[in-house]
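In what follows, a single structure is set out as structure tokens and then discussed.
The values are calculated or read from the model by the stated rules, or taken from the named source; none is laboratory data. Given the structure is predicted, the values throughout are model-derived calculations rather than measurements. Counting neighbours? That spans all protein chains shown, and the Cβs are built from the backbone with ideal geometry, glycine included. Only protein heavy atoms, including side chains, enter the accessible area calculation; ligands, DNA and RNA are left aside. Shrake-Rupley method; radii C 1.70, N 1.55, O 1.52, S 1.80 Å.
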Amino acid sequence: MSFEIPDPYVWDESFRVMYDNIDAEHKAIFECIFNCAKDPKSAPLITKLYDVTADHFTDEEGMMVKANYSDTANHKQIHKDFLAKIKSLKAPLDDASLKWAKEWLVGHIKGIDFKYKGKL
């Protein structure tokens, strides 16, 4: 399923999952990807994207475990795969890598994360 990619690439209310901490973390990941797109030659920005995303995944997965969310194992694997891809990225980022990251985050939130609304 394909979702519209916002331009400029910033979080908006259409991405709200109704958990303030997760929404704030999603905003931070949007900001990291936005910053990588502005300065694709910056290795520290790629590292920050990885770190912010990894921290978010840890928080989100912890909430899933605590709530005994039924799709936790699958969700964790999706996160692991995304982090592996981010870890493999090197500066300068090419347009295809940036497009992939933007599409992945939008699709993940709206296609996967929305499934846990009201369940955590």
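So which DSSP H runs in the chain come out at 30 Å plus along the axis (Cα) with average Kyte-Doolittle of at least -1.0?
On the way: long enough: 43-67 (36 Å, -0.06).
Within the chain the helices that satisfy the rule are 43-67.
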Area projected by the alpha carbon convex hull of the chain, averaged over all directions, nm²: 6.8
Across the chain, where is the longest run that never hits trypsin sites (Lys or Arg not before Pro) in a DSSP loop with at most 13 other C-beta atoms within 10 Å? 42-89
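For the chain, which whole-number percentage of the solvent-accessible area (1.4 Å probe, protein heavy atoms only) is attributable to carbon and sulfur atoms?
Working: 3570 of 6740 Å².
Carbon-and-sulfur percentage of accessible area, whole number: 53.
Would you mind working out the magnitude of the charge dipole of the range 1-107 relative to its Cα centre, with +1 at each Lys and Arg C-beta and -1 at each Asp and Glu C-beta, to the nearest 20 Debye? Walk me through the intermediate numbers first.
Working: 13 positive and 19 negative charges, 95 e Å.
For this selection, approximately 460 debye.
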Taking all protein chains together and a probe of 1.4 Å, list 33, 78 from the most accessible to the least accessible. 78, 33
Between 111, 10, 28, whose Cα lies farthest towards the positive end of the dipole of the chain when Lys and Arg beta carbons carry +1 and Asp and Glu beta carbons carry -1, centred on the Cα centre? 111
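If you filter the range 9-40 for GluC sites (Glu not before Pro), then keep DSSP loop positions with at most 14 other Cβ within 10 Å, what is left?
none
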Skip the ligands, DNA and RNA, and give the accessible area per residue of the chain with a 1.4 Å probe, whole Å². 56
